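Report on the structure given below.
Just so it is clear, none of the values below were taken in a lab; they were calculated from the coordinates. In this text the structure is predicted, and so the values were computed from the model without any measurement. We place every Cβ from the backbone using ideal geometry, glycine too, and count neighbours over all the protein chains shown.
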Amino acid sequence: MWRSAASNLLTFMGLALLLLGGLVVWGKSTYSGAGPLAEAICLRIDRGSNMRVLSQSLEGRGAVSNAALFRIGVEYQDRTEQLKAGSFLIPKSVSMAQIADIITRGGANTCGTEIVYRIGINKTMVQIRELDPATETLVERANFQQGEDAPEVFTDVNARSGTRHRIALAEGVTSWQVVQSLSEIETLAGDLVDIPEEGSIAPDSYEVRQGEGRQSVLNRMMAAQEAILIEAWETRAEDLPLTAPQEALILASIIEKETALAAERDQVASVFVNRLKRGIALQTDPTVIYGLTEGKAALGRGLRRSELKKDTPWNTYLYRGLPPTPIANPGRDSIRAALNPADTKFLYFVADGQGGHAFATNLKDHNKNVAKWRAIEAERKKN
């Protein structure tokens, strides 16, 4: 009888082990296999949240098939205490294992809402964008000028813990403009005492933290420009009429203000390089404008003939060579163009009426291009 009982017990234990083994296999397969999520979702995790609450939320939203299994898998990977606050994009059909990785690895938010402060030449715009999980594209919710009354959506979004904040600098902004705009961004803290040297700030997009110091942000911008300039200087072309990186920065700032077309920056650069080599005055209007405004405002109109004769250190009609300082903060492409200009014999350029410029190697052809441009201007005034 005891033999029969022992046999039954062994059979039961064997079945139990088989069932347990099958359960483990099922659990691993379910945890690492494709999930049930039909469409991507944006998952927001508040500070102080825990894995139990989160797993139930994921199950309720259809991202995981079993909240308990998800918690067990995360615990097995020793990730329970690594939960990060923020907003994260959870793609469709993603596995539990992939979700665990998304919510514990940290880094920048990949979903939710962002506030972008776009510091431009004439004004600073504040843009609120939200990621649509279904299309994985950012959708604009509000756009207003800094200094205007902010819409209610800004107050709401700005108060959320998961909101991202970015500052985007346009190429060609001046250091004074950057400092003025940074001083008005309430997301940042602290004061800015000094205006950095012109040209020392890299136009780019910078993610900032709520309450981050203004000087800290500005230091990052300056460090980025220094790194760009060092890299570009090391790969400069031979036989340039530039003796130091600062001179390259000055030339790059002129190129930046003369053209917005990336495709012709190296040609514009070649005109100025050719003139410098021949000792011909650069005769570029943006330098005259900077002498009038010192970068503290956009001129907002065309230059007057009398202003072309105004004696300032930046007037390249009166003084040969480069001006004493940059006239704006140039972007990476303009710096590269200054140090690697196109191989041309161009000495002149003028607007072509189509957003670009017409180039010439001699004054006769240049005057023809100027006549064409004036005819276009005259026709536009009629209309």
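Please list the non-local residues whose amide H lies under 5 Å from the amide H of V94, H modeled 1.01 Å from N, same-chain partners needing a gap of 5 or more.
Excluding prolines and chain starts, which carry no amide H, the hits are G35, L37.
Using +1 at the C-beta of Lys and Arg and -1 at the C-beta of Asp and Glu, which of N383, A351, T174 has the Cα lying farthest in the positive direction of the dipole of the chain?
Checking the options against the dipole of the chain, the answer is N383.
Which of E207, E148 has the fewest other C-beta atoms within 10 Å, and how do the rest follow up to the most?
With the sparsest Cβ surroundings first, the list reads E148, E207.
Whole-Hz ³J(HN,Hα) for each residue in the range 216-230, computed from phi via Karplus 6.51 cos²θ - 1.76 cosθ + 1.60 with θ = phi - 60°, x for glycine and proline: what do you get?
4, 5, 5, 4, 5, 5, 6, 5, 5, 5, 4, 5, 4, 5, 4
List, largest first, the extents of the alpha carbons of the range 32-106 along their principal axes, each in whole Å.
On the principal axes, the range 32-106 reaches 28, 24, 19 Å in Cα extent.
Got a sec? Charge dipole of the chain, +1 on Cβ for Lys and Arg, -1 for Asp and Glu; which of I99, N50, A360 is way out at the positive end?
A360
Taking R0 as 41 Å, what FRET efficiency do you get between A134 and E234 from their Cβ-Cβ distance, rounded to the nearest 0.05?
In this case the efficiency is close to 0.35.
Name the long-range amide H neighbours of G213: under 5 Å, sequence gap of 5 or more, or other chain; modelled H, no Pro or chain starts.
A189
Can you list residues whose amide H is under 5 Å from V208's amide H, if they're 5+ apart or on another chain and H is modeled 1.01 Å from N?
H165, R166, I167
In µm²/s, what is D for the range 237-382 at 20 °C and 1.002 mPa s, where D = kT/(6 pi eta Rh) by Stokes-Einstein and Rh is the Kirkwood radius from Cα pairs? Before the final figure, lay out each step's value.
Working: Rh = 15.7 Å.
Calculated translational D: 137 µm²/s.
At what distance in angstrom do the alpha carbon centres of the range 108-147 and the range 34-72 lie from each other?
About 27 Å separates the Cα centre of the range 108-147 from the one of the range 34-72.
Given only helices, namely DSSP H runs of n ≥ 4 each adding -39500 (n - 2.57), what is the per-residue ellipticity at 222 nm of the chain, to the nearest 500 deg cm²/dmol?
Result for the chain, helices only: -13500 deg cm²/dmol.
How do E264, E247, E231 rank when sorted from fewest to most other Cβ atoms within 10 Å of their own Cβ? Working shown, then result.
Details: E264 21, E247 17, E231 13.
With the sparsest Cβ surroundings first, the list reads E231, E247, E264.
Which order do D343, D156, D285 fall in if you start with the one that has the fewest other Cβ atoms within 10 Å?
With the sparsest Cβ surroundings first, the list reads D343, D156, D285.
Return the sequence-ordered ³J(HN,Hα) values of the range 119-125 in whole Hz as given by the Karplus equation 6.51 cos²θ - 1.76 cosθ + 1.60 applied to θ = phi - 60°, using x for Gly and Pro.
Per residue, the Karplus-derived 3J(HN,Hα) values read 8, x, 5, 9, 6, 10, 9 Hz.
What is the projected area of the convex hull of the Cα atoms of the chain, averaged over all directions, in nm²?
28.6 nm²
What does the convex hull of the Cα atoms of the range 113-229 come to per residue, in Å³, rounded to a whole number?
111 Å³
Kindly write out, for the range 271-279 in residue order, the coupling ³J(HN,Hα) from the Karplus curve 6.51 cos²θ - 1.76 cosθ + 1.60 (θ = phi - 60°), rounded to whole Hz, with x marking Gly and Pro.
Result, rounded to whole Hz: 4, 5, 5, 4, 5, 4, 5, 8, x.
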